[in-house]
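Rule-based calculations on the coordinates, nothing more; no lab input. In this text the structure is predicted, and so the values were computed from the model without any measurement. With ideal geometry, Cβ positions are generated from the backbone for all residues, glycine too; neighbour counts draw on all protein chains shown.
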Amino acid sequence: MASLKDLRNRIASVKATQKITKAMQMVAAAKLRRAQEAAEAARPYSERMGAVLANITQAIGGGGDAPALMTGTGRDDVHLLVVCTAERGLCGGFNSQIARLARDHIRKLLADGKKVKIICVGKKGFDILRRDYGSLILERVDLREVKTLGFANADAIARKVIHLFNEGGFDICTLFYSQFKSVISQVPTAQQIIPAGVASAAAEATAGGNAVYEYEPEPGEILSDLIPRNISVQLFRALLENAAGEMGAKMSAMDNATRNAGDMINKLSITYNRQRQAQITKELIEIISGAEAL
Amino acid sequence: MAEAFKFELVSPERLLVSEQVESVVIPGAEGEMTVMAQHAPVMTTIKPGVVTLKTVGGKEERYVVFGGFADILPSGCTLLAESAVAVGDIDRADLARRIQEAREDAADAKDDETRSKAEQFLSQLTTLEAALLSA
């Protein structure tokens, strides 16, 4: 049985922990708001980009002059996985969920006899995947120094991916990130970015306006400029969603931790009070029995 | 008074402008073009340059854009810029850094095609800088 002093120390330390988790929760809440705003501000661009892309795809009609980034290499032997996770932990199952999805995917691909290459964005995913598939990881992109996520960050990653593609480094590229549904729900998602989904884009185009465009320069040329940019945009969106998701997950994880600490303090206080009472009773008995003996 | 139409300037980070304007001058890849209401549908890439828009109130606003796309319809015009800043807020140091980067790209280029592309981009940037410095 712990002594009174031990219990007192224990309560004090749990209280200190509770203060920390509470503070972290509030920080995450503030950051979440900012991340959500950033994600919302970025939405018009990616939406319009999608519309423009759909229009052009329709104009070209999936003809022979579509760039390779869109049609793919025609093979699916080498897969590149871009796994986006957070840089920091303490956000519940957020990172491990993304990593698990990626790992399942990798296992399936390897079982099919495909080659797999990985680019890790964020430290946590790298740490998890390194254990099993360390030899497959090409690169690790570190965004820890980045305070506010800019388009330039996403663009740099996209450029690396495209460069690798042009060198014939891979055939299919899939992006892993967590979709931000709400503060309590983030859905790990796998999205294929190379080759871009031409079919879905074309279907959207027929639903949209059927204006006959003039193109300046040629549609093919615009498209070859647009597709790499679209990859950057997709990456940027994934990173923003991830940032918002991370903060959401962190907020609820820290909320849980604060509540757990509260429960623990209650339980410890009860034990502490009982024990103190027992000691007082014991002392009283000693005094009384001492007096009776006289 | 000219007819007004909807103009939107969007960068990946945010929506910069969304308002009714009378005319917009866009630095298209194949020359500057002025867009007014009822323009025929055109899609064009844009080069680094200055976008000038004239709002319904007759006010003129200028933005510097670094590459992107313009999607022009009779009912409106959307400009997807890779990055965009109001002329008043332009950061000289940032521009100088971009030029430096472009210069390095041009120097590093392995084949003729990428080199000519990089050099073209560099010359567009230096023209832009000259235009801004004189303004």
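Distances between placed amide hydrogens fall under 5 Å for residue B:90 paired with no residue 5 or more residues away or on another chain.
The C-alpha atoms of chain A define a longest principal axis, and helix A:151-166 lies at about 50 degrees to it. 3J(HN,Hα) along segment A:275-292, derived from phi through the Karplus expression 6.51 cos²θ - 1.76 cosθ + 1.60 where θ = phi - 60°, amounts to 5, 4, 4, 4, 5, 4, 4, 4, 4, 4, 4, 4, 5, 5, 5, x, 5, 5 Hz, with x in place of Gly and Pro. Calculated mean residue ellipticity at 222 nm for the protein assembly as shown: -19000 deg cm²/dmol, from DSSP H runs with n ≥ 4 weighted as -39500 (n - 2.57), summed, divided by the residue count and rounded to 500.
Counting other Cβ atoms within 10 Å, keep those with at most 16, restrict to DSSP loop, and tell me which GluC sites (Glu not before Pro) in segment A:68-164 are left. Can you show the working numbers first?
On the way: sites: A:87, A:139, A:145; in loops: A:87, A:145.
Taking segment A:68-164 and a limit of 16 other Cβ atoms within 10 Å, the loop GluC sites (Glu not before Pro) found are A:145.
Looking at the protein assembly as shown, what % of its DSSP beta bridges pair antiparallel, to the nearest 5? Don't skip to the answer; put the middle values down first.
Values: 46 of 70 bridges.
If I count the DSSP bridges inside the protein assembly as shown, around 65 percent turn out antiparallel.
From the largest down, segment B:91-134 spans 34, 16, 9 angstrom on the principal axes of its Cα atoms. Cβ crowding within 10 Å ranks B:39, A:163 as A:163, B:39, fewest other Cβ atoms first. Within straight-line reach of residue A:15, meaning a Cα separation under 28 Å, sit the following lysines at least 8 residues removed in sequence or on another chain: A:5, A:31, A:250, A:267. With bins 10 Å wide beginning at 0, the percent of Cα pairs of segment A:204-294 falling in each bin runs 12, 15, 14, 12, 10, 9, 8, 7, 5, 4, 3, 0.
When chain A is modelled as a GNM with alpha-carbon springs shorter than 10 Å, which of A:283, A:218, A:47 fluctuates the most? It is A:283. The long axis of helix A:123-133 is offset from the longest Cα principal axis of chain A by roughly 80 degrees. Principal-axis analysis of the Cα atoms of chain B puts helix B:112-134 at an angle of about 60° to the longest axis. When DSSP beta bridges are restricted to pairs lying wholly in segment B:5-87, around 90% turn out antiparallel. Comparing A:172, A:280, A:98 in a Gaussian network model of chain A where C-alpha atoms under 10 Å apart are linked, the largest mean-square fluctuation is found at A:280.
Residues A:254, B:33, arranged from fewest to most other Cβ atoms within 10 angstrom of their Cβ, appear as B:33, A:254.
Let me know the mean shielding of A:43-53 by other chains, meaning the per-residue number of their Cβ atoms within 10 Å of its Cβ. Let's see the in-between values first.
Details: counts 3, 9, 11, 3, 1, 8, 6, 0, 3, 6, 1.
Mean inter-chain Cβ contacts per residue within 10 Å come to 5.
Computed over neighbours whose Cβ is under 10 Å from that of residue A:265, the net charge equals +2, Lys and Arg +1, Asp and Glu -1. Candidate cross-link partners of residue B:6 among the lysines, defined by an alpha-carbon separation under 23 Å and a same-chain spacing of 8 or more, comprise B:47, B:54, B:59.
Could you work out the per residue convex hull volume over the alpha carbons of chain B, in cubic angstrom?
Values: hull volume 14.8 nm³, N = 135.
Here the figure is 110 Å³ per residue.
Quantify how strongly other chains surround peptide B:58-69 by giving the mean number of their Cβ atoms within 10 Å of each of its Cβ atoms. Each step should come with its number before you reach the end.
Working: counts 0, 0, 0, 0, 0, 0, 0, 0, 0, 2, 4, 9.
What the average comes to for B:58-69 is 1.
Taking Cα centroids, how far is segment B:6-26 from segment A:225-276 in Å? Comparing the Cα centres of segment B:6-26 and segment A:225-276, I get a distance of 37 Å. Considering only A:123, A:282, A:115, the mean-square fluctuation computed in a Gaussian network model of chain A, springs between alpha carbons under 10 angstrom, is largest for A:282. Only lysines eight or more places from residue A:108 in sequence, or on another chain, were considered; those with a Cα closer than 28 Å are A:117, A:123, A:124, A:160, A:181.
Across peptide B:78-84, the average count of Cβ atoms from other chains found within 10 Å of a residue's Cβ is 4. Each principal axis of the Cα cloud of the protein assembly as shown was taken in turn, and the coordinate range along them, longest first, works out to 114, 61, 45 Å.
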